[in-house]
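Here, each number is a calculation from the coordinates, and none is a lab measurement. Computed from a prediction, not measured in an experiment: that's the story for all the values here. Using ideal geometry, Cβ is built from the backbone for each residue, glycine included, and neighbour counts are taken over all protein chains shown.
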Amino acid sequence: MPLSEQEQRLLDEMERHLMRNDADVVSASGGGGGLSYRNVVYGTILVLAGIGALIVGVALQLIVVGVLGFLAMIAGVIVAVTPAKRADGDQVRTEQAPAASRTSASFMDRMNERWDRRQEGH
């Protein structure tokens, strides 16, 4: 059953407030600690170089080159998925967490009150 326009707007508003106010969701979804475009590019180049070295090592039957290529591929994946470092550090996130939970709780209280009013009106 599809949502009505009002329910869809309410859901969108709740998502926006949740993403803005909930410190855990923001930090998990890339609020300053997300993937870096530079890291992804460097990691991809390293993986491609590792694949090339692995193919050369197998073709020339040089185990050392193949193993180094494999290690380069692993290092490339690690570089690509490493989150970007924040310039202001993690201390900001810990200081803001209590305020965010208070704001989130008051938002949920408002949503519950609106829900109760809607249910009583119908």
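What FRET efficiency would be calculated for the residue pair Q61, Y37, taking the C-beta separation as r and a Förster radius of 41 Å, to the nearest 0.05?
Calculated value: 0.60.
Within the range 38-71, what residues put their amide N at less than 11 Å from the label point 7 Å along the Cα-to-Cβ vector of I78?
71
Run the numbers for L71 and W115: contour at 0.36 nm per residue of separation, minus the present Cα-Cα distance, in nm.
Working: separation 44, 0.36 × 44 = 15.84 nm, distance 5.56 nm.
Roughly 10.3 nm would be gained on extension.
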